[in-house]
1. Determine the shape class of the stretch 144-228: with a ≥ b ≥ c the square roots of the Cα gyration tensor eigenvalues, call it rounded for a/c under 1.5, and otherwise prolate if a/b is greater than b/c, oblate otherwise.
2. Classify the stretch 76-223: rounded, prolate or oblate, from the alpha-carbon gyration tensor (a ≥ b ≥ c, eigenvalue square roots; a/c under 1.5 rounded; otherwise prolate if a/b is larger than b/c)?
3. List residues of the stretch 187-205, by number, whose backbone nitrogen lies under 14 Å from a label position 7 Å along Cα→C-beta of R171.
4. Go ahead and estimate [θ] at 222 nm for the chain from helices alone: -39,500 (n - 2.57) per DSSP H run with n ≥ 4, summed, over the residue count, rounded to 500.
5. Would you mind pulling out the separation of the Cα centroids of the stretch 122-194 and the stretch 24-94, in Å?
6. Assign one of three labels to the stretch 3-71, namely rounded, prolate or oblate, based on the Cα gyration tensor with a ≥ b ≥ c the square roots of its eigenvalues; rounded applies when a/c is under 1.5, prolate when it is not and a/b is larger than b/c, and oblate otherwise.
7. In whole Hz, with x marking every Gly and Pro, tabulate ³J(HN,Hα) for the stretch 211-226 from phi via Karplus 6.51 cos²θ - 1.76 cosθ + 1.60, θ = phi - 60°.
8. Using a 1.4 Å probe over the heavy atoms of the protein chains, calculate the carbon and sulfur portion of the accessible area of the chain as a whole percent.
Amino acid sequence: MDPFLLRKLNTERAARRAVIHLTDLGDGRDRVIREGDPVAGPLGDALASAFRSGKSGLVEAEERSFFLNVHLPPARIVVIGAVHISQALAKMAVVAGFDITIIDPRTAFATEERFTGIDLVADWPEDVLATRPLDAYTALVAVTHDPKIDDFPLSRALATGCFYVGALGSRKTHARRVERLTALGHDEAEIARISAPIGLDIGAASPAEIAVAILADIIASLRRRPLRGDAS
């Protein structure tokens, strides 16, 4: 690979931005495509599909053969609240290939015994997210039921464009949450991105079933997300 392209590729990956190294197998020419770069026609469609799936491979477009080497940032889940749902979700998320972090300032909940082997931070979200910021490849899951803990990370998730934002609670609880987020400056379209009540509607009742519904919702959002520069 050309040294300039290699530097560009490494820079984008270090910044947790999605890129594809595209090689024309006919003439050997290559280039680095960033998510959101305008590419029209069948090749653009193939690139969009690859950005969503994360799968590298050979594609045929415009009577030419291309190899797409896809580099997506590792998708991660940040859970606000070390509750029973979080315990089940943490185990399932790891199996599904997600990085996961649990944040909860309540040290009675955020214990190593309850979250063995999981990235657990017993601190306020404001302090944690200052050094470990959210981004477009992060899903934010708020499950404490406590506005003092949940509201700040929810607001940050909306502002930074997390691919998924979900919050536990009834419709009445969410209505009050909407009022608070509106007061923080978020508009109706932003707030509408929140999955609340959280997760897919599968009739989940137990913490483990709710965790399944949340993880399924996260996966669907990741694979069907609008790409940068995509109005669809």
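1. Numbers: a/c = 2.03, a/b = 1.18, b/c = 1.72.
Oblate, because a/c is 1.5 or more while a/b does not exceed b/c.
2. Numbers: a/c = 1.40, a/b = 1.20, b/c = 1.17.
Rounded shape, in that the Cα axes give a/c under 1.5.
3. Hits in the stretch 187-205 for R171 at 14 Å: 196-198.
4. Values: 8 runs with 93 residues, N = 232.
Here the helix-only value at 222 nm equals -12500 deg cm²/dmol.
5. Result: 26 Å between the Cα centres.
6. Numbers: a/c = 1.94, a/b = 1.34, b/c = 1.44.
The shape class here is oblate.
7. Coupling constants for the stretch 211-226: 4, 4, 4, 5, 5, 4, 5, 5, 4, 4, 5, 5, 7, 10, 5, x Hz.
8. Working: 6410 of 11770 Å².
About 54 percent, which is the carbon plus sulfur part of the accessible surface.
The values are calculated or read from the model by the stated rules, or taken from the named source; none is laboratory data. All figures in this text were calculated on a predicted structure; none of them were measured in a lab. Backbone-built Cβ (ideal geometry, glycine too); neighbour counts: all protein chains shown. In case anyone asks, the SASA skips ligands and DNA or RNA and just uses the protein heavy atoms, side chains included. Shrake-Rupley method; radii C 1.70, N 1.55, O 1.52, S 1.80 Å.
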